[in-house]
1. Using the count of nearby Cβ atoms within 10 Å as a rough guide to exposure, how do 59, 8 rank from fewest to most?
2. Suppose R0 equals 30 Å; then what is the FRET efficiency for residue 60 and residue 32 from their Cβ-Cβ distance, rounded to the nearest 0.05?
3. How would you rank 31, 16, going from fewest to most other Cβ atoms within 10 Å of each one's own Cβ?
4. Where in the stretch 17-41 does the amide nitrogen come within less than 17 Å of the point 7 Å from the Cα of residue 4, taken along Cα to Cβ?
5. Taking neighbour counts of Cβ atoms within 10 Å as a proxy for exposure, in what order, fewest first, do 44, 28 appear?
6. What does the convex hull of the Cα atoms come to per residue for the chain, in Å³?
7. Going by alpha carbons, how many degrees (0 to 90, nearest 10) lie between the helix axis of 41-56 and the longest principal axis of the chain?
8. List the residues of the stretch 37-75 whose backbone N lies under 17 Å from a point placed 7 Å from the Cα of residue 17 along the Cα-to-Cβ direction.
């Protein structure tokens, strides 16, 4: 079921111990309660998949969905 309201793009940051991925997802400002944008299940599922693939180190897949930052070791 889709939420009725205005659809906007929001930048979300997905963090793991080694990677951070900046990804743009769709949020909805509900008509009934415009006080705060919310995310539909498809957007939440995408964010969860990005986190899981970041934990697995699937860099090429992550690059297709957002901007990937990698932590480096400092001596």
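The numbers here are math on the coordinates, done by the rules we state, and not lab data. The structure presented is a predicted model; accordingly, all values stated were derived computationally and were not measured. Neighbour counts run over all protein chains shown; Cβ positions are idealised from the backbone, glycine included.
1. In order of increasing Cβ crowding within 10 Å: 8, 59.
2. Once rounded, the FRET efficiency stands at 0.15.
3. 31, 16
4. Those under the cut-off are 28-35, 38.
5. 44, 28
6. Per residue, the Cα convex hull of the chain comes to 94 Å³.
7. 0
8. 51-58, 70-74
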